[in-house]
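Q: Shown below is the structure under consideration.
Bear in mind these aren't lab numbers, they're just calculated from the coordinates by the rules spelled out. Just so it is clear, the model here is predicted, and its values are computed rather than measured. Glycine gets a Cβ as well: all are built from the backbone with ideal geometry, and neighbour counts include every protein chain shown.
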Amino acid sequence: MQSVTAHFLSLTSYRAFPTDDEFAAALQSTDLYIAVRVDSEAPGQKRFPGLAVAATMSLPNIRVAEEAVSLMRATQALGLEPGVGDADKQYWANSLDERLHEPAFNLGFTPSTDYRVDRLGHQGGDHGALYIEGGTYCPATPKPLQNATKDLLGAVIDTETYRARITGRTAFKLHVKEQPDAKGRTVLRCPALGPSPTVTCPLRELLKTRKVLKGVEEENLPDFADKICTQHSVSFDTAKNRRTAQAFEYGTKEWDAFHTHARNSIESLNNQVKSGGTEDIESASRRRVRGFGAAQIIVTMLLTNFNLRKIAAFISDKIKDDAKKQVNGEPPVALVRRRDREFHNPYTDTYPPDVKRPTKPKRSDGDETGGPPRRT
């Protein structure tokens with residue numbers, strides 16, 4: 001099976017053994033945490049099977065952050081490289097830095113998640129720059145761009161307008177001049193500076209380029225020009241923005257494609273192993289013994305069976321695809337006719353690939369004799 005270097009996780013948890021009796025639930029209920037491998041390089045293309053690569057159990061709502069860290073740590077025993085850890089708001093959005101974000105960062109994982117409503121938009125900053133939804137932005141970033149996600153959730157704008165604002169906001173994001181060092185400090189600079197500026201600013205007028213870029217409105221300029229507006233570059237401590245930092249710029253199509261793929265992958269696994277399927281973990285008939293240790297053994301066996309089924313199905317699909325290619329050959333490539341390859345085709349008005357379309361002469365109002373314009 002082809003090895004995919006990028007390793008990404010989608011995390012989830014659910015009540016593995018529910019019961020209607022509240023007292024029994026307090027004693028017997030168990031939360032099952034699962035990590036499934038997903039692909040951010042080509043979301044949805046199924047380059048490898050979506051296996052449950054790690055699982056752990058605990059009492060309901062106990063040490064949720066620590067269980068997530070255990071999942072990430074367990075995947076390294078499989079020889080998988082750390083990458084992006086995607087999860088819902090139960091994890092990254094509601095955990096303390098020291099319990100989840102810092103340990104995950106030390107393991108090499110970067111979050112991909114939704115934010116809590118109270119953490120959308122501008123959330124503090126340093127050296128005059130603004131921290132907005134995981135990014136560090138120019139202090140003159142327009143308010144509508146800062147509050148794009150808030151306006152979308154509040155039904156003030158539609159999705160199309162939101163995408164346009166997120167794209168426009170990217171131009172105001174500070175540029176990385178130097179990657180983080182061993183102490184976690186990175187050097188950023190104003191987006192109006194450097195070899196590839198993305199905005200123009202009155203405070204950097206002497207460095208203005210001929211290229212047409214987004215302009216900073218004078219009304220949006222800060223009352224006090226801090227270091228980011230007066231120096232060529234500034235050092236930032238990445239730890240101060242770690243709680244909201246994400247692997248992909250929040251709200252972009254790239255973020256949405258991966259996050260949707262990751263959530264669909266873990267929800268698909270949940271639906272297959274929980275009830276009605278081959279594993280049917282929720283069914284009492286699959287667990288005729290009591291106790292936390294026994295539950296751990298049963299879940300391990302059922303998830304192993306699930307993985308074997310996924311691997312077998314993946315190999316079967318690959319064999320079928322290879323067989324189709326052997327019978328029918330590779331997908332046919334449309335041939336270009338000789339008349340289109342070598343000559344101008346007046347019917348389709350096309351020219352050969354290496355021939356430039358001639359410029360049409362402008363129609364003259366005269367009669368081409370130098371006389372006065374023709375009468376119409």
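Q: What does the charge dipole of the stretch 115-245 about its Cα centre add up to, to the nearest 20 debye, if the Cβ of each Lys and Arg holds +1 and the Cβ of each Asp and Glu holds -1?
A: Result for the stretch 115-245 is approximately 440 debye, rounded to the nearest 20.
Q: For R185 and D226, compute 0.36 nm times the residue count separating them, minus their Cα-Cα distance, and round to one decimal in nm.
A: Value of the extension gain: 12.9 nm.
Q: Excluding P180 itself, calculate the net charge of residues whose Cβ lies under 14 Å from the Cβ of P180, where each Lys or Arg counts +1 and each Asp or Glu counts -1.
A: Summing Lys/Arg as +1 and Asp/Glu as -1 gives +2.
Q: Just to verify a number: FRET efficiency for R288 and L78, C-beta to C-beta distance, R0 = 30 Å, to 0.05?
A: For R288 and L78, the calculated efficiency is 0.45.
Q: Which aspartates and glutamates have a Cα lying under 15 Å from the Cα of K356, excluding residues fewer than 8 positions away in the same chain?
A: Candidates past the 8-residue exclusion: D340, E342.
Q: Please state the shape class of the stretch 24-134: rounded when a/c is under 1.5, otherwise prolate if a/b exceeds b/c and oblate if not, all from the C-alpha gyration tensor.
A: Oblate.
Q: Let me ask something else about it. Spin-label point model (7 Å from Cα, Cβ direction): what's the E41 to S316 distance in nm?
A: 2.8
Q: Which number gives the lysine pairs in the stretch 115-245 that have C-alpha atoms under 27 Å apart and are eight or more places apart or on different chains?
A: Final tally of qualifying lysine pairs is 27.
Q: Can you pull out the trypsin sites (Lys or Arg not before Pro) in the stretch 47-154 that DSSP calls coil and that have at most 15 other Cβ atoms within 10 Å?
A: Working: sites: R47, R63, R73, K89, R99, R116, R119, K150; in loops: R47, R63, K89, R116.
Taking the stretch 47-154 and a limit of 15 other Cβ atoms within 10 Å, the loop trypsin sites (Lys or Arg not before Pro) found are R47, R63, K89, R116.
Q: Could you put I62, I132 in order, starting from the residue whose Cβ has the fewest other Cβ atoms within 10 Å?
A: Ordered by Cβ neighbours within 10 Å, fewest first: I62, I132.
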